[in-house]
Amino acid sequence: MVDADYKQHLEITEMQEIIKLLVARERQKKQMDLKAKSEKEAEKSEVSKIKLHNEQTKLTQKNEEPQETEWRPEFTFESGDKYTGSWVKGSKTKQGSGVLMWADGSRYEG
């Protein structure tokens, strides 16, 4: 009887270990899926910001005659965004090439 009880105890212990491994594997899979989803959403957000920036630049270019630009050091906006690059000379309008760093750490260069 003792041998049967001991054997049953070993089987139960083995099943518990298998269940722990399966639960851990499932948890790891969910974490990987969440990370992939988060990265995909961050990428979509980055693309949206770039599209918005490009649209704003196009509107500025359509509405204004070509103007002389000047290179300026890093400027920080009230939002926390930072821009280093060319501006329309004597104005507050970004124009031409530069680097835009959003407050969330996203970056656009062009």
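The values are calculated or read from the model by the stated rules, or taken from the named source; none is laboratory data. None of the values given here were measured: they were computed from a predicted structure. Cβ placement follows ideal geometry from the backbone for every residue including glycine, while neighbour counts extend to all protein chains displayed.
Details
- Pairs where the first residue, in the stretch 87-101, is surrounded by fewer than 17 Cβ atoms within 10 Å (Cβ to Cβ) and the second is in a strand (DSSP E or B) and at pLDDT below 85, C-beta under 8 Å, 6+ apart: 89/69; 96/69
- Some residue of the stretch 52-59 being modelled with pLDDT of 70 or more and in contact with a Phe, Trp or Tyr (Cβ under 8 Å, 6 or more places away or on another chain): yes
- Within the stretch 64-89, being touching a strand residue (DSSP E or B) at 6+ places or on another chain (Cβ under 8 Å) and in a loop (DSSP other than H, G, I, E, B) holds for 64, 67, 68, 77, 81, 89.
- Taking each residue of the stretch 31-44 that is outside the structural domain of residue 106 (by TED's automatic domain parsing) and looking for partners that are in a helix (DSSP H, G or I) and modelled with pLDDT under 75 with beta-carbon atoms closer than 9 Å, six or more apart or interchain, yields nothing.
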